[in-house]
Amino acid sequence: ADRGGPGKFMRFFDTNQDGSVTREEFEAASKARFARMDVDSDGQVSADEFQAYIETRRGEKKAAKLKQVDTNNDGQVSKDEFVAYKSERAEQKFARLDTNQDGVLDAEEFKSCGKHDKGGKHGKRSGQRVFGKLDADSDGQVSREESHAGWSGWFARIDSNGDNVVTSEEVSAYREMKRKN
């Protein structure tokens, strides 16, 4: 799935891979993520711990991307590998944006290609923004309780029918609603 689609959510939280995410799966993954961030195991995530976690994740993502683009597995990305990868991604993005499948992007379709360029969501400050939302009492620390409350609230917003199970359809609907707002 693309970066904004339900695929990333489902891959992370649907631990039994049954196509839905129960509240139990979601909470277990959220607790595990908190434990990875809380390096000193003091029950609090400091801004430094949070930033270190973000940097580690970025490094992991870059390594995974290199592996994905390096089709001959030599530890390097050649110009041919890079061009082939970018061409494939461009074709996929174009096909996704060309909603009427006429082979061209009209003004309405083209507007949607800039959705991640508004600044913030995927920008340098996104980690600070998320940390600020989780740090409910603004003390510069995120406690287990604050983390749990923040992620549970997010889960509840996605779980549109309140059945404590999130499906890929609910993730898509939530992302679409967020895109429109």
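The values are calculated or read from the model by the stated rules, or taken from the named source; none is laboratory data. Just so it is clear, the structure is predicted and the values come from calculations on it, not from any experiment. Because the Cβ atoms are built from the backbone with ideal geometry, glycine has one as well, and the counts that use them run over all protein chains shown. What goes into the accessible areas is simple: the full protein's heavy atoms, side chains included, and nothing from ligands, DNA or RNA. Shrake-Rupley method; radii C 1.70, N 1.55, O 1.52, S 1.80 Å.
Any residue that is modelled with pLDDT of 85 or more and among the basic types (Lys, Arg) - is there at least one of those in the stretch 120-133? No, that holds for no residue. Could you check the stretch 67-88 and list, in sequence order, the residues that are surrounded by fewer than 13 Cβ atoms within 10 Å (Cβ to Cβ) and either assigned to a helix (DSSP H, G or I) or of a type in the set (Asp, Glu) (or both)? Residues satisfying the conditions are LYS67, GLN68, ASP74, LYS79, ASP80, PHE82, VAL83, LYS86, SER87, GLU88. Applying the condition of being part of a helix (DSSP H, G or I) and modelled with pLDDT of 80 or more to the stretch 90-118 and asking which residue is nearest to ASP70 (Cα to Cα) yields GLN92. When GLY7, GLY59 are checked against the criterion of being at pLDDT below 85, open to solvent by less than 50 Å² (accessible area, probe 1.4 Å) and part of a helix (DSSP H, G or I), GLY7 stands alone in meeting it. Filtered by the rule that a residue be open to solvent by less than 80 Å² (accessible area, probe 1.4 Å) and without any contact (Cβ under 8 Å) to a residue 40 or more places away in the chain, the stretch 41-56 gives GLU49, ALA52, TYR53, THR56. For the stretch 166-175: of the residues being out of contact with any Pro (no Cβ under 7 Å at 6 or more places or on another chain) and modelled with pLDDT under 80, which is nearest to ASP38 (Cα to Cα)? This residue is VAL166.
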